[in-house]
Amino acid sequence: MPAILALFRAMLNSLRDLLPIIVVIGCFQLFVLQEPLPNFLSIIAGLILVVLGLTLFIFGLEMGLFPIGESMAQAFARKGSVFWLLVFAFCLGFGTTIAEPALTAVAAEAAEVAAEGGLIPGSEESLLEYSTGLRITVALSVGLAIVLGVIRILKGWPIHIMIIGGYLGVVVLTVFAPESIIGIAYDSGGVTTSTITVPLVTALGVGLASSIKGRNPMIDGFGLIAFASLLPMMFVMIYGMVMV
């Protein structure tokens, strides 16, 4: 019974979080466009599925992803094996990013646009090769970004200096990168911080910082996501310079 009540409360919270979006769309549809909602029953059914899916996703994070990320980071910290901690951080960043649905969609769309623009052949094999290369490039960059973030936590390096330096690198690469890849590179930084990557990476940082003496989980545990957004932009622009 308590579990059912908790699930019901979570569904109400999910509906509350979605309410502003519903109100905005409804107001513009009825008062600006002044047209009835098309396929009203389908929209309601879809909304119910979204609320249910969001609720189950949040439950999954709290029950599975957050605890396992924190517990594994703490276990590596207790063992004192920096090498295996860094290997785990890289594999975690690479694996979660390559599985991101948003990255898959953006890479496929980028391949189609590149083919339409004459940058690559329009064959199915070329589209697959381009999108796969883009996904692997982004995943490798996120893996290295998480490794860099873990080293920062271990060493206590100031995050603001590293982020400023990183964005200076992005600006420099933007000058030399092909125009056709710049927009994709900047979007790649956003799609890496999505449903799968963020929970596990955040749990890793917080769990690691809480296990190391002298580290504050609030100050040192967060910031990994910033690296996961920054490095993909640089790597994708380099990828564009090599491929085009």
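What is the magnitude of the charge dipole of the chain about its Cα centre, with +1 placed on the Cβ of each Lys and Arg, -1 on the Cβ of each Asp and Glu, and no other charges, expressed in debye to the nearest 20?
Roughly 1300 debye, rounded to the nearest 20.
Counting only C-alpha contacts under 8 Å and six or more residues apart, can you give the relative contact order of the stretch 167-225 as a whole percent?
26
At 0.36 nm per residue, minus the direct Cα-Cα distance, what do residue 81 and residue 186 gain on full extension? Give it in nm, one decimal, please.
34.3 nm
Given 30, 47, 10, which one lies farthest toward the positive end of the charge dipole of the chain, if we put +1 on the Cβ of every Lys and Arg and -1 on the Cβ of every Asp and Glu?
Going by the Cα projections, it comes out as 10.
How many Å² of accessible area per residue for the stretch 1-77, probe 1.4 Å?
73
Ignoring ligands and nucleic acids, what accessible area does residue 157 show with a 1.4 Å probe (Å², nearest 10)?
110
Take the alpha carbon atoms of the stretch 49-64, find their center, do the same for the stretch 177-211, and report the distance between the two centers in whole angstrom.
Using only Cα atoms to place each centre, the spacing works out to 21 Å.
Relative contact order of the stretch 51-151, please, whole-number percent, based on alpha carbon pairs below 8 angstrom and at least 6 residues apart. Could the numbers behind the result be given before it?
Numbers: 67 pairs, mean separation 33.0, N = 101.
Relative contact order of the stretch 51-151: 33 percent.
Using the Cα centre of the chain as origin and beta-carbon charges of +1 (Lys, Arg) and -1 (Asp, Glu), tell me which of 154, 192, 128 is placed farthest towards the positive end of the dipole.
Farthest towards the positive end: 154.
Along the stretch 221-226, what does the Karplus equation 6.51 cos²θ - 1.76 cosθ + 1.60 (θ = phi - 60°) give for ³J(HN,Hα), rounded to whole Hz, x for Gly and Pro?
The phi angles translate into x, 9, x, 4, 5, 4 Hz.
The values are calculated or read from the model by the stated rules, or taken from the named source; none is laboratory data. On a predicted model such as this, the values are computed, not experimentally measured, just so you know. Heads up, the Cβs are rebuilt from the backbone with ideal geometry, glycines too, and the neighbour counts pull from every protein chain shown. In case anyone asks, the SASA skips ligands and DNA or RNA and just uses the protein heavy atoms, side chains included. Shrake-Rupley method; radii C 1.70, N 1.55, O 1.52, S 1.80 Å.
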